[in-house]
1. With every protein chain kept in the model, how would you rank F62, F14 by accessible area, 1.4 Å probe, largest at the top?
2. Explain nothing, just the number: relative contact order of the range 20-156, from Cα pairs under 8 Å at least 6 residues apart, as a whole percent.
3. Using the crude model of +1 on Lys and Arg Cβ and -1 on Asp and Glu Cβ, and no other charge, please compute the dipole size for the range 1-135 relative to its Cα centre, in debye to 20.
4. What is the magnitude of the charge dipole of the range 186-261 about its Cα centre, with +1 placed on the Cβ of each Lys and Arg, -1 on the Cβ of each Asp and Glu, and no other charges, expressed in debye to the nearest 20?
5. Using a 1.4 angstrom probe on the protein heavy atoms only, could you order W177, W30 from most to least accessible area?
6. Take every DSSP beta bridge whose two residues both sit in the chain, then give the antiparallel share in percent to the nearest 5.
7. On the full set of protein chains, 1.4 Å probe, figure out the accessible area of K140 and give it in Å² to the nearest 10.
8. Go through V98, V146 and list them by solvent-accessible area, largest first, probe radius 1.4 Å.
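The values are calculated or read from the model by the stated rules, or taken from the named source; none is laboratory data. Keep in mind that this is a model prediction, so the values were computed, not measured. Here the Cβ positions follow ideal geometry from the backbone for every residue, glycine too, while neighbour counts run over all protein chains shown. Accessible surface is based on the protein model in full, side chains and every heavy atom, while ligands, DNA and RNA are left aside. Shrake-Rupley method; radii C 1.70, N 1.55, O 1.52, S 1.80 Å.
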Amino acid sequence: EPDAGTSTTDIKTFARREGDRYIVNGRKVWISTAQVANKILLVTRTAPKSEGKKPTDGITLFYTDLDRSRIDVREIEKMGRNAVDSNELFIDNLEVPVEDRIGEEGKGFKYLLHGLNAERIVVAAGLLGGTRSVLDRAVKYAKERVVFGRPIGMNQAVQHPLAEIWARLTAAELTVWAAATLYDQDLPCAAEVNAGKYLSAELFFDACTRAVRVHGGYGQAKEYHVERYFRESVNPLVAPVSQELVLCHIAESMLGLPKSY
């Protein structure tokens, strides 16, 4: 939400129970595919944060119709990720049947957590695939581009950064595979999952930046596609969770440092 961000317990969208339905009011931002969707997964409060024993109490999930007579959908123009539209939603007295509630009222935060590890494994795996693709493009260009009578790939200033990306890619893949293995075995994996996302996001950004630099001026030309990869590489640094919040989690859970947020 605009005023909550990653602080999920501070959401303001509220669902008020009235008989066999809920009345929902609030705002959401960065909602994917709302231009075409006819359903919405909605995170709300059904009780104020101040009334719960824990900040996570009182959060409720719904899967319901995206009623455009009650939800104003406004698309956000953005730098990358344009294969999927992103939107801001203004919800005004949306009626949601009780049967559209997911699980128990007030227990939604627990249900959200159940899906976060899987989401971050999938995101990390996608970033690794993107890294391999953009690295292949950079290597191909380095072999073909001739300057001063020799391929630029003969120069160590070009070779070494690409070799480092390959080494980091190998290490990040092992981390993500280890996290996925733990997840498949229903073992604790939050730190490993977050580490995999962190390493993959940093690597993808660095690989895309390097690919643009290897291409020189042509790195900005749409013909070679690396400018598109570069635009896409920024978003994973902040979504689905910021790099900084990942490090906070690891510091607390794996190093025993005091919670900072």
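1. Details: F62 0, F14 70 Å².
Sorted by accessible area, descending: F14, F62.
2. Details: 191 pairs, mean separation 37.7, N = 137.
Value for the range 20-156: 28 percent.
3. On the way: 21 positive and 21 negative charges, 97 e Å.
Once rounded to the nearest 20, the dipole reads 460 debye.
4. Value, rounded to 20: 280 debye.
5. Working: W177 180, W30 150 Å².
Ranking W177, W30 by accessible area, largest first, yields W177, W30.
6. Numbers: 31 of 33 bridges.
DSSP beta bridges in the chain are roughly 95 percent antiparallel.
7. 120 Å²
8. Details: V98 30, V146 85 Å².
Largest accessible area first, the list is V146, V98.
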